[in-house]
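Every read-out reported here was derived from the displayed coordinates using simple, explicitly stated rules and does not represent laboratory data. Since the model is a prediction, treat every value here as computed from it, not as a measurement. Cβ coordinates were reconstructed from backbone atoms using ideal geometry, including for glycine residues, and neighbour counts include every protein chain displayed.
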Amino acid sequence: MKVLAKHRGDAVVVCALGMAANEWWAVTRSEDSFYMHGGMGFAASFALGLALSIPRTPVWVLNSDGSLCMNTGCLITEAGQQPKNLKHFVVDNQCYQTVETMPIVNQGGADYTAIARGAGIQQAITVDGLADLDRLMPEIVAAQGPYFVRLRVEAEPDYQRAPPANYEGPEMKYRFGRALEKKLGIRVFGPRGF
Amino acid sequence: MDVNDKIHAQLVKAGVRLAASLPDDWVNTLIRRISRDNQIHHVPVCREAETIAICAGAFFGGVRAVAIFGNTGLLTCTGEMATLCLRHAIPVFCIVSGRGSIDDHKVYQEVQGRRTIPLLQAYDYPFRIIDKEEEIEDIPNAYEWHRLQKRPFVLFLTKKLLGTAA
């Protein structure tokens with residue numbers, strides 16, 4: 001997450017629920033990131049809707065292998081739109097980290113990068129190490145989307161090492177929405193606040 | 001101007017600029033009209049719950065969006081509507097075919113006809129059934145109201161309304 005944050009630039013970030021979201025919060029403390037607390041599998045769809053709505057702003061989704069497995073169709077939908085401003089990162093630790101590191105479905109047997117490419121996302125790569133990620137990030141950031149990056153990481157034995165953001169629910173909505181209004185000069189909420 | 005043209009026009013009047021959809025016989029004509037409209041960005045999806053998340057994301061981009069699909073799809077995505085939209089108080093405007101009604105004799109729609117409304121009531125998702133043409137003009141008001149409600153809202157279109165288009 002520290003390497004990703006180093007290369008973030010102006011990107012607005014959508015985090016799937018789970019440890020990737022917690023660790024992104026721990027590293028960035030950023031309110032122009034949305035830390036999804038539900039809708040498992042659908043952070044990528046949420047990020048797509050956001051990316052299509054703010055086409056001049058880079059949007060990243062920090063997805064997880066468990067979430068991707070729950071909604072692999074999101075890759076086909078994403079490919080159908082070819083959003084130039086969307087980068088799709090998948091943190092692949094081959095387990096469900098937040099539920100006692102239970103093994104992922106078909107553990108070790110699914111190639112998410114090949115699935116992304118097969119769905120129609122031409123730029124789809126697997127990154128195995130931090131040094132490689134740091135070296136590749138300028139190219140990934142500069143490239144037009146959609147761009148799919150599978151980040152192969154080791155599972156953490158301590159499954160709750162990083163706590164979640166210290167705000168949630170409706171407050172997440174208002175902090176994120178207000179942050180985007182300020183950052184992008186757009187109007188998310190109406191004149192009466194809803 | 002037919003019924004689908006009128007619905008389309010009222011969505012534009014409500015400020016809708018993005019539509020995410022999955023086909024259903026009764027709403028396909030509306031989906032086709034919208035897909036031809038350059039004012040509205042159309043996002044075809046693989047499953048209905050994607051429309052909910054796409055519209056939620058568009059909300060934060062300041063873009064008014066609508067999800068369009070069939071009643072069967074509504075049953076499949078009530079969980080995501082709850083854990084994403086109720087959890088974070090995000091409004092999503094859904095237009096759904098009111099399948100399984102007394103004039104819909106497709107066997108694979110009968111459960112939807114009996115259980116959809118009780119399910120929406122259990123989740124406290126507001127809804128409105130439109131079966132008269134003059135009620136289509138309520139769409140801009142319904143759109144504002146669903147934002148105020150801060151939760152998913154379902155606008156059902158009936159076979160009676162859609163007529164031969166269904």
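Among B:Trp145, A:Trp24, B:Trp26, A:Trp60, sorting on how many other beta-carbon atoms sit within 10 Å of each Cβ, with the fewest leading, yields B:Trp145, B:Trp26, A:Trp24, A:Trp60.
The length gained by stretching the chain between B:Glu144 and B:Ser35 to full extension, at 0.36 nm per residue less their Cα-Cα distance, is 36.9 nm. Applying the Karplus relation 6.51 cos²θ - 1.76 cosθ + 1.60 with θ = phi - 60° to the range B:74-81 yields 3J(HN,Hα) values of 4, 4, 6, 10, 5, x, 5, 4 Hz, where x marks Gly and Pro. Along its principal axes, the protein assembly as shown has C-alpha extents of 63, 44, 36 angstrom, given from the largest down.
An ellipsoid equivalent to the range A:121-165, defined through the eigenvalues of its Cα gyration tensor, has semi-axes of 25, 13, 11 Å when rounded to whole angstrom and sorted largest first. Cβ-to-Cβ counts within 10 Å put A:Glu23, A:Glu100 in ascending order as A:Glu100, A:Glu23, the fewest first. When A:Val127, B:Val107, A:Val91, A:Val14 are sorted by how many other C-beta atoms sit within 10 angstrom of their C-beta, beginning with the fewest, the order is B:Val107, A:Val127, A:Val91, A:Val14. For A:Ile104, nonlocal amide neighbours, meaning residues 5 or more places apart or on other chains whose placed amide H falls under 5 Å from its own, are A:Cys95, A:Tyr96.
Note on B:85-95: average number of Cβ atoms from other chains within 10 Å of each residue's Cβ is 4.
Computing FRET efficiency as 1/(1 + (r/R0)^6) for B:Lys132 and A:Phe194, where r is the C-beta to C-beta distance and R0 is 35 Å, gives about 0.80. Rounded to whole numbers, the Karplus 3J(HN,Hα) couplings from phi for the range B:91-103 are x, 9, 9, 10, 10, 10, 5, x, 5, x, 6, 4, 9 Hz, using 6.51 cos²θ - 1.76 cosθ + 1.60 with θ = phi - 60°, and x at Gly and Pro.
With a cut-off of 8 Å between alpha carbons and a minimum separation of six or more residues, what is the relative contact order of the range B:40-100 in percent? Value for the range B:40-100: 39 percent.
Shown for chain B are no DSSP H helices, since none reaches 20 Å along its axis, judged by Cα atoms, with a mean Kyte-Doolittle hydropathy of at least 1.6. Note that the range A:29-45 has calculated 3J(HN,Hα) couplings of 6, 8, 8, 8, 10, 9, 9, 5, 9, x, x, 3, x, 10, 5, 5, 5 Hz, one per residue in order, obtained from phi through the Karplus relation 6.51 cos²θ - 1.76 cosθ + 1.60 (θ = phi - 60°); glycine and proline are x. Centre-to-centre, using Cα atoms only, the range A:36-79 and the range B:46-113 are separated by 17 Å. Put +1 on the Cβ of each Lys and Arg and -1 on the Cβ of each Asp and Glu in chain B; which of B:Tyr108, B:Pro140, B:Ala65 then has its Cα farthest toward the positive end of the dipole? Result: B:Ala65. The smallest convex shape that holds all Cα atoms of the range B:36-84, its convex hull, gives 78 Å³ per residue.
Scanning residues 5 or more positions from A:Arg150 or on other chains, those with amide H under 5 Å from its amide H are A:Val90, A:Ile125, A:Thr126, A:Val127, with H placed 1.01 Å from N in the peptide plane.
Normalised by the number of residues in the range B:67-166, the average gap of Cα pairs under 8 Å and 6 or more apart makes the relative contact order 38 percent. Note on chain A: GNM, Cα springs under 10 Å; of A:Ser30, A:Ser53, A:Ser45, the largest mean-square fluctuation is that of A:Ser53. For peptide B:38-49, the mean count of partner chain Cβ atoms within 10 Å of a residue's Cβ comes to 4. With a 10 Å cut-off around each Cβ of A:165-175, the average count of Cβ atoms from other chains is 3.
Between amide H atoms placed 1.01 Å from N, distances below 5 Å from B:Arg151 occur with B:Val92, all of them 5 or more places distant or on a separate chain. The shape of chain B can be summarised by an equivalent ellipsoid whose semi-axes, obtained from the alpha carbon gyration tensor, come to 21, 19, 14 Å from longest to shortest. Once Rh for the range A:25-114 is found with the Kirkwood sum over Cα pairs, what is the Stokes-Einstein diffusion coefficient at 4 °C and 1.567 mPa s, in µm²/s? Answer from the Stokes-Einstein relation: 92 µm²/s.
Taking 0.36 nm per residue of separation and subtracting the current Cα-Cα distance, fully stretching the chain between A:Ile186 and A:Gln82 would add 35.1 nm. Pairs of Lys residues in chain B are counted when their Cα atoms are under 23 angstrom apart and they lie 8 or more places apart or on different chains; the count is 10. In the range A:23-136, the DSSP beta bridges split such that about 25 percent are antiparallel, to the nearest 5. Could you check how many percent of all C-alpha pairs in chain A are farther apart than 27 Å? In whole percent, the share of Cα-Cα pairs in chain A beyond 27 Å is 23. Percent of Cα pairs in the range B:81-166 per distance bin of 5 Å, from zero to the largest separation: 3, 14, 23, 22, 18, 13, 6, 1.
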